[in-house]
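Scroll down for the structure; my scribbles are underneath it.
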Amino acid sequence: MKLKSFTLSFLTFLIATGLNSKAAIAASLQILADGLNNARGLTFDSNGNLYVTEAGLGGQGACIPSPTNQGNLCYGTTGTVTKIENGQTDRILTGLPSIALADGTAAAGPNDIKFDPNGKPYILIGYGANPALRDPAFGNAELGKLIAADFETNSWKTIADLANYELANNPDRADIGSNPLAFLIDGKQAIAVDAGANNLLGVATDGSDLQAIVVLPQQILTNPIFPPSDAQPFDPTQVPSPGDLGNAPPSGFPVQATPTGVAKGPDGAYYVSIFTGFPFPEGGAKIYRIGADKQPTIYADNFTQLTNLTFDPQGNLYALQYANQSAWKGNFDGSVIKISPQGTRATVFSGNGLEAPSSLTIGPDGAIYVTNRSDRPGQGQVLRIENPKSVPEPTSVLSILTLGILGVTRLRKGQLIPDSRLGLPE
């Protein structure tokens, strides 16, 4: 198995962090919804109504092999969009495509939802595998696509096929895979991240002009720490032995970017959160800024497994960590971290019920809303974090890098280390 395929599929297990402090938290947690099936993206409409996507449970339809060798991912129409109002949940759009393992884990389906300026809802459908396998197995299913929905008629239409764009173009020139994970609406454009393809894409909301804006670069990991053979879920064949590394020293191990979230900053630039690929190094995740020159520069670093980010009206950036340690360690306590416009970093909430979160947004009331336990069928939640007073962190863990100081990070489109050099199957 190739590392990129493993990474994008592993992220469907995690939904897929570097702080591990237990400082006192000056905020409270309220559960707004529970019992969701692989809860993912969430947003408010212009009337202040809250919506969340559920990736679903897969089904009894056609199957494809999981890239993680965990079994087969089988198709069903169990994906939904759910409205949360007055303590009640209402699945207002049903029958959306979903694939998952037999137990409902590793689900890919509705990953995110946004409304355009006219109130029209758009939904991004994930996939998490090689796009070449999709159509032969699932026909014209909307997996890996952006759709526009009509809640009144429980119907939708395809706007853009992001998975097919990866199949046709493969912008990062690595092995082919697609898992569209999050997006935003910017005027008449949808701007999306594809965690499998390692890129930021743009497409007009009428479906025209689909193209990659930028490829997020790999990082070369120094002294990687690999999971033990009994860590779950993961494929033990991904761990190279020292002898199998050949001429590639551990200090030169390439790590996929795996972008997971995108937000538009007050400066008009796009900001992208990075989960990082295998072996998911602690402190290895970053937030990139992509300005008018379409070049990614590091805005903030030293995170672990970021899954989303958003700005508040004051220009503070909030980043969401799926877990405060590499998830294969088995501790899924997550964190919400605030970065001020001046670069001060603080933990708003960590652990204490926040675990395996995947998405966040700021509500009209100024509270933070988070999808929690996002990798668990029947256990997903939507949380409201009230009174989010921050707990400052040492400034030594923050690195805000500006274009004027460090210049532009150049893209690297080279291949991964060949599988034969890692001792992995072709």
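Please treat every number below as a calculation from the coordinates, not as lab data. A quick note: this is a predicted structure, and the numbers were derived from the prediction, not measured. Cβ placement follows ideal geometry from the backbone for every residue including glycine, while neighbour counts extend to all protein chains displayed.
Laid out as a table, the results:
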quantity: Set of segment 351-373 residues, backbone N closer than 20 Å to the point 7 Å along the Cα-Cβ line of S46; calculated: 362-366
quantity: Most to least packed among 323-332, 175-184 [average Cβ atoms within 10 Å]; calculated: 175-184, 323-332
quantity: Rounded to whole Å, sorted largest first: equivalent-ellipsoid semi-axes of segment 93-133, Cα gyration tensor; calculated: 25, 12, 8
quantity: Anchor K264: aspartates and glutamates whose Cα lies under 12 Å away (excluding residues fewer than 8 positions away in-chain); calculated: D186, D312
quantity: Sites N302 and T153, calculated FRET efficiency, Cβ-Cβ separation with R0 35 Å, nearest 0.05; calculated: 0.15
quantity: Two-site label geometry, T222 and N352: point separation in nm, points 7 Å out along Cα→Cβ; calculated: 3.5 nm
quantity: Equivalent ellipsoid semi-axes - Cα gyration tensor, segment 81-225, angstrom; calculated: 26, 19, 16
quantity: Anisotropy class of segment 131-194 from Cα gyration tensor, a/c 1.5 cut; calculated: oblate
quantity: Reach of K145 by Cα under 15 Å, taken over aspartates and glutamates that are not fewer than 8 positions away in the same chain; calculated: D112, D135, D161, E166, D194, D206, D209
quantity: Where labels lie 7 Å past Cα in the beta-carbon direction, separation of A132 and R173 in nm; calculated: 1.9 nm
quantity: Sorted peptide list for 191-202, 366-377, criterion being average Cβ within 10 angstrom, highest first; calculated: 191-202, 366-377
quantity: R0 of 35 Å, Cβ-Cβ distance T77-Q314: FRET efficiency to nearest 0.05; calculated: 0.25
quantity: Kirkwood hydrodynamic radius of segment 293-380, Cα pairs, Å; calculated: 13.7 Å
